[in-house]
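These notes are about the structure you will find just below.
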Amino acid sequence: MSNTGLAGGLKLGTTLYSFTPVFHSRQATLEQLIVKVAELGVGPGVEIVGFQSIRGFPEIGGEFADRFRALLAQHHLVPSCLSVNADTGIRRGRLMSIEETVQYLEPQILAAAQLGFPVVRTQFAAPAEALRRLVPLIEKLEVKVGPEIHAPLGVNSPPVLAYREMYAKTNSPFLGFIPDFGASARSLPAAYLDVLRRRGIEERVLDLALSIWRGPEEAAWKRDEFNRRAAQTGIEATKASALSVMFSMLSPQPPAAWLEIMPQVIHIHGKFYDFDADGRETSIPYEELLPVFVKGGFRGFMSSEWEGHLYSWESGYDYVRKHHALCRRILADLARAGGGQ
Amino acid sequence: MENNFSRSLLPPAEVIVEPGELRLGVRLPWYRSLPLSVVEVAELTIDGQIVPHGDMRFSINDRIFSLGELESQTAQCWYVLDSAQLSVHRALDPTKPHSIALTLNLYPPYIPGLTWVTRGSLTLEAQPQ
C-alpha cells in the first residue's frame, strides 16, 4: 500500500511483533508473516525484532540476508527498522560494563546493515556512552540508531536527558530517538482490565494499581510505588508481576511534548490495543499524535505495533488492518487541510 | 494467576512418560529469545508435591544442565520457537491421572528489576492397563 499523496513524510508499516501470537504458537513463519503484511496491505515498512524473528541472531548468514531482502522486494515491501536489544542484565546481579554493552550491540547493528535496515532501535538499558562509542561504526554503515522512548519514560526523563546531552555534544545525524506511542496514552485498554479481573485480580488490588497509574507523579516512580504497596498488602507474586507490567506498558505524556525532540525522531512505534465502534483507538489519541509529528516535519516510518497479546491470543491481523485504516484516514485529513510539507 | 503465556508453557503433546522418568516440553514464556542465564525454574509440583531441584535436569541446544547451572549460561540462547525439556527423576503410576504445575521465572535482561512469573499446568490422563 503506497502512501503517495498522504500528509508529510510519515510512512506507514508494520512490526512483525504485532503477530507474536501466531509466530510464538508456530502457526506462521517469518517468511509467511512478511507475505501476510503484503496481503493485508499494512506495509510498505517492515520492522522485525532480531531476537524474535531470526534464529541465531545476531549472527546472520549471507544467504539468509539475501533471501530476506529478496522476499521484501518481491512483495513491494521495504525494511524500516530492526529492533535490537540492550541486554545489559544477562549476568544476574551485575550489569554489563559500557565496553561489554558496546560489544553486545555491535554485531546487532552490523546485522541491521546486512539486512538492509536503515534504522536500528536500541534501548535505554544501554547507557548513552555506549552508543556514543558506536558512532564511528554507525556512521560508516550509514544506519540511524537510537533508543526507544517507551512508557514509563518521557522526553524529559533522566535517561532520555542523558542521551539528549550526548547527542548535543556528538552532533551526528545518525543518532536519534524512537517514540513509542504507548508513552502518550490517556487510559488503559478496557479489554486488558477485563482480562485481569477474569484471571482473579481482586477489585481492590486493581483499584490500587489504577490509582497509582492515573496519579500526577513521575511515571517511572509508579511501578516501584505499586510494588512497595503490593508487598505491604501481601498480594500474590504472579498477580503483582502481572499488574506491575501496566506501568511499563502505557504512560500519559501529552502528545505535544514530543515536539521537543522532533528533529531527532528517526522512527515511530505506533503502539495500539483496541478500537471503538468508530475505529478510534481507545487508549491512545492518534487524532492528536499524528498531526504533531506531521506538522513537526517528521520523515520516516511508523510501525503499527499491536500489543494486545499481553492479554489476548488473537492473531493481530484485523487489529493491524484497522490501525492502518485509522492512520490513513487521519493522514488524508491532514493532507487535505494542507498539514504536510 | 495466569499470564498470556501460561497456556503454552507446557504443551500436552510434548510430554514423555518413561519408566522412572518424566520429560516435559517447556515453551519460553516471552516473545523473544533469551539467554538461559535469565531463566529460573522456580517450582515444579506433581500431584501437589514439590519436586526437589536436584531431581530435575534442563536441556536445550543438545546440552543438559542442572537447574543451578542455568544462571551461569549467558552464552546459551533459548530460541523463542524451540522447546526446552525438563526431565524429572520420578516414577509415575501410568494407571492414575497426574497433575503437573510449573512456575518459571524470567528476568528480561533489558528491563532491570522485572521478574516475569509464569505458571502453567497440565493433567496427565490415566492410561488404560
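Values quoted throughout were computed directly from the atomic coordinates according to the rules given, and no laboratory measurement underlies them. Quick caveat, the model's predicted, so the values are computed rather than measured. Note that we place each Cβ from the backbone using ideal geometry, even for glycine, and neighbour counts take in every protein chain shown.
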Tell me, A:Cys81, A:Cys327 in order of fewest to most beta-carbon neighbours within 10 Å?
-> A:Cys327, A:Cys81
Global form of chain A, assessed from the alpha-carbon gyration tensor, a/c cut-off 1.5 = rounded
Taking all pairs of distinct alpha-carbon atoms in region A:144-257, Kirkwood radius in angstrom | 15.4
Using a cut-off of 19 Å between alpha-carbon atoms, which aspartates and glutamates can reach A:Lys36, once sequence neighbours fewer than 8 places away in the same chain are excluded?
-> A:Glu47, A:Glu305, A:Glu307, A:Glu314, A:Asp318
Rounded, prolate or oblate (a/c below 1.5 giving rounded, otherwise prolate when a/b exceeds b/c) for region A:189-246 by Cα gyration tensor | oblate
Which residue, chosen from A:Ser315, A:Gln123, A:Ser53, occupies the Cα position most advanced towards the positive end of the dipole of the protein assembly as shown, where the dipole is computed from +1 (Lys, Arg) and -1 (Asp, Glu) charges on Cβ about the Cα centre?
-> A:Gln123
Using label points projected 7 Å from each Cα along Cα→Cβ, tell me how many nm separate A:Asp207 and B:Gln85, to one decimal.
-> 5.1
Summing -39500 (n - 2.57) over every DSSP H run of at least 4 residues in chain A and dividing by its residue count gives a helix-only mean residue ellipticity at 222 nm, to the nearest 500 deg cm²/dmol, of -14000 deg cm²/dmol
Return the sequence-ordered ³J(HN,Hα) values of region A:22-33 in whole Hz as given by the Karplus equation 6.51 cos²θ - 1.76 cosθ + 1.60 applied to θ = phi - 60°, using x for Gly and Pro.
-> 6, 6, 4, 8, 6, 8, 8, 8, 3, 4, 5, 5
Values of log10 I(q)/I(0), in the order q = 0.12, 0.21 Å⁻¹, for region B:6-124 under a Debye, Cα-only, solvent-free model = -0.40, -1.24
Checked region A:99-152 with the C-alpha gyration tensor, a ≥ b ≥ c its square-rooted eigenvalues, rounded below a/c of 1.5, otherwise prolate if a/b is larger than b/c and oblate if not; verdict oblate
Using a basic spin-label model with each label point 7 Å from the Cα along Cα→Cβ, how many nm lie between A:Glu100 and B:Thr74?
-> 0.3
Each residue of region B:76-89 in turn: what ³J(HN,Hα) in whole Hz from Karplus with 6.51, -1.76, 1.60 and θ = phi - 60°, glycine and Pro shown as x?
-> 8, 9, 8, 5, 4, 8, 8, 8, 8, 10, 10, 9, 10, 6
Table column - 3J(HN,Hα) (Hz), region A:172-178, Karplus curve with 6.51, -1.76, 1.60, x for Gly and Pro = 9, x, 9, 9, x, 10, 10
Only helices counted: for chain B, with every DSSP H run of 4 or more residues adding -39500 (n - 2.57) and the sum spread over all residues, [θ] at 222 nm is -500 deg cm²/dmol
Expressed in nanometres to one decimal, the distance between label points 7 Å along Cα→Cβ at B:Val15 and A:Gln32 is 2.6
Over chain A, calculate the relative contact order: mean separation of alpha carbon pairs under 8 Å at least 6 apart, over the residue count, as a percent.
-> 25
